[in-house]
Amino acid sequence: MTDPTDYEILLNTLDKAENGPIIDEKEWDHQYISQTVQELVQKYDISWATDDPMVPWDDDFADRVYAAGLEMALRTGVYCLDTKRQMLWKRGELEHILKRTPRQVTVGAGEDAVTVYSRKPDDSTRVAIFGGPWGVPVTEELYGPFIESYAQEPVFDLVENATLLSTHGRQIRAASPWEAVAGWQEAQMALEAIERAGRPDIAVGCVEISTTEVGELAGSTYGGYRPTDIHHAALISEQKTAYHQLIKSVHFAHTQSFSETYFNPMYGGYVGGGPGVAIAIVSGMLLVKASLGGTFCNTGPTHVHLDCSTHPDLIVATGLAFQGLARNTDLLVSPFVRPTAGPGTKEIFYESAALTIATVVSGASLIDCVQSATGNNTLYSSPLEARFCGELSHSVEGMTRKEADPIVKKLVNKYKSIQGERLIGKPFTEVYDLESLQPTPDWLDLYESVCEEFDQEFGLSVN
Amino acid sequence: MSDWESKQKQFIKDILAGDEEAAVSMARTSLEEGATPVEFFENCIAPSLQDVGKRFETLDIFLPEMVTAADTVEKVNSEVIKPAVAESQAGESMSLGKVLLATVQGDLHDIGKNMVGLMLKVNGFEVVDLGTNVPPADIVARAEQEQVDIIGMSALLTTCLPYMKDVCDFLEGKGIRDKYPVIIGGAATHPEIAEEMGANTHGGSAAEGVEKCKMLLGKL
Ligand code: B12
């Protein structure tokens, strides 16, 4: 059992889902979310123009974004889809939760343990790297080698899973016994893969196939995923939750498991454009912590048409929100690097680098990389782009926001006009040798040429 | 500028601002001045809504504005256009058809489905949105209850695709498969999946969804 205070917080959260005011979902989206965000954008004067800095370094601006996000979190709270009720936190309650967040956490175990630190903007503290195929669909046969190819990368401190397309040759059906079978199989295959890679105790992101709580409960029972792994639950856009996410958080508390909870506000959706997304990220990170707990809090704001988190406005919004959070809390936050481009293209490096640099210098604790080609295309992901992000992250530790700004601007200029083309590139099977689990010479050459370009153009030594 | 052009310009401003009073009053005045409800629909409502859809595609406007515009037009339709059509006994419905939309069981992703719903609305369809995580039996029951013309389903998770097939199987089992053209979409789907699930067609985007729905009902 967790310490009573944490457990009390959990029970109080569950109470809120049963006792809050009843609200119609449409009213939630319009009045509670959309109108509040619009009002706060005005009230706190959150805006930027195209030629303004892409990595702002104005602390007052970052604090205004934080204040707007905090007000949003306190005024709106979270909507529970199952009970149709609004879950509200008082300022004191939220402050208490934030005060209890540790400034550093060690995940994984033994030789594979790694410490993740709370960071400030312009900070030289080490950033942790969470590499993996991040839910990209993959066939059963390739699941093991796919995960192994990531786990063997020394630059990854934690490793994330892919989405299994079938289980024992059968279709996986959400919330059915097959989700339980798949949750268990995923755990088995992932743990075998890290063992083969020689990193048996590295923290693994899980349970990826857990559409509902069924996969999580099945995959992290005795013999499956461990409390030292990183379990996931999500706040649903915008600021909603559901019983099956809350059930997961109860399970994390009882098993004392580490977790990374996440929230993806939609750019162009109910929170509007960049300034609204910045406020929504702050609000969402505070509320995901309050409603689902979370050792780490992650955000992958999503462009409604492009599905990516690397649109120029999202780079600014995420950086600003992270600065606000880092300056005012000790939350361990991570960005979700989700480019439109995929393996085998240069653009995947540019897109990933822009968001990575902007967030490392803005105070991110952990970099979740890379959900290649927006994460929707079967097998379109490879460890090399995530290796690049990891190495790049370390090379910009200690860089200031002001120094980062011109680099990020140049990178964005390299891809912004062709993002709409969705250069998804090539699948893992074409950019990696399946025997050696190493990149093909062509893919490695491209990576090396981009490393060279970063060295020449920005003075950054990536590999 | 023709009379209709200037009216449409004002109409689009009103619906984007959610000014129901102004939009309803313009429709009323036009009809009083002699326009038929069909003329008002074709010259004012339809082009305005198409424009709203296009503006959202380029993100000149965001989702809430599109919802506001669609809701305002619904008000104009229910308060002015529909009663006028009924009165004139033209018997002609302004609606292109009624589409049921749902994100299937297990899946909570609704942004794409909501966008499809709005694009259908702004293009003249009626939409019955059942929300997310909807079991197959409920989809079939509501389709019957609401007498819809098309069943549209969304899934972003591969683990939820089997529920789409269930819907087609249930329809088949009840002997009513031919009554309901089925369209599917969402990031976990593509045209071959549509075939596997037993659906009639697939929409890769909200705009394509609208075109495909028109095709399914022979309105293109
Ligand atoms: C936002 C998001 C979430 C949000 C959803 C919020 C919400 N209210 O919808 C949250 C955080 C809740 C979430 C949760 C999860 N997610 Co998610 N999510 C995404 C993300 C980043 C974007 C989806 C999105 O909204 N895109 C924008 C919309 C507009 O696009 P769209 O839905 O495809 O719709 C367009 C078209 O497809 C089409 N369309 C859509 N529906 C229909 C229907 C018809 C009839 C027609 C004609 C057309 C059509 O028109 C739309 C407009 O053009 C995607 C990755 C990505 N980049 O796409 C992952 C993704 C879909 N999620 C994924 C996963 C794994 C999950 C979780 C299981 C993670 C976990 N382990 O906890 C949970 C599941 C929760 C649940 N039970 O549903 C995977 C799915 C993998 C797979 N193939 O199965 C993806 C691909 C990411 C990944 N690689 O991990 N997610």
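See the values below:
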| read-out | value |
| --- | --- |
| For A:ALA203, residues with placed amide H under 5 Å, excluding near neighbours | A:GLY108, A:ALA109, A:VAL159 |
| Sorted peptide list for A:200-212, A:116-128, criterion being average Cβ within 10 angstrom, highest first | A:200-212, A:116-128 |
| Cross-link table A:LYS410/B:LYS113; A:LYS90/A:LYS248; B:LYS82/B:LYS212; B:LYS9/B:LYS214, entries beyond 29 Å C-alpha to C-alpha | A:LYS410/B:LYS113 |
| Sequence-distant residues sharing a close amide H with A:LYS240 (under 5 Å, placed H) | A:TYR79 |
| Sparse-neighbour loop sites [GluC sites (Glu not before Pro); the range B:1-39; at most 14 other C-beta within 10 Å; DSSP] | B:GLU33 |
| Helix-only CD estimate at 222 nm, as mean residue ellipticity for the protein assembly as shown, using -39500 (n - 2.57) per DSSP H run (n ≥ 4) | -15000 deg cm²/dmol |
| The range A:251-275 and the range A:431-457: distance between their alpha carbon centers, rounded to Å | 33 Å |
| Amide H partners (placed H, <5 Å) of B:VAL127, local residues excluded | B:VAL99 |
| Using a Förster distance of 30 Å, the FRET efficiency for A:ILE22-A:TYR222 (Cβ separation, nearest 0.05) | 0.15 |
| Rounded tilt (10° steps) of B:206-216 against the dominant C-alpha axis of chain B | 80 degrees |
| Cross-link pairs beyond the 32 Å C-alpha cut-off, checked among A:LYS240/B:LYS165; A:LYS416/B:LYS7; A:LYS84/B:LYS165 | A:LYS416/B:LYS7 |
| Per-peptide average of other Cβ atoms within 10 Å, ordering A:278-289, B:108-119 highest first | A:278-289, B:108-119 |
| Cα centroid of the range A:194-228 to Cα centroid of the range B:30-75, whole Å | 50 Å |
| Between the range A:60-102 and the range A:298-358, the alpha-carbon center distance in angstrom | 22 Å |
| Using θ = phi - 60° and Karplus 6.51 cos²θ - 1.76 cosθ + 1.60, couplings along the range A:217-234 (whole Hz; Gly, Pro as x) | 5, 6, x, 10, 8, 3, x, x, 4, 10, x, 7, 7, 10, 8, 10, 8, 10 |
| Whole-Hz couplings from phi, Karplus 6.51/-1.76/1.60, listed for the range A:188-197; x for Gly and Pro | 4, 5, 5, 5, 5, 5, 6, 5, 4, 6 |
| Against the rule of thumb 2.2 N^0.38 Å, how large the Cα Rg of the range A:336-382 comes out | 1.13 |
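Read the figures in this text as sums done on the coordinates, not as results from a lab. Note that the structure is a prediction, hence the values are computed from the model and not measured. Note that we place each Cβ from the backbone using ideal geometry, even for glycine, and neighbour counts take in every protein chain shown.
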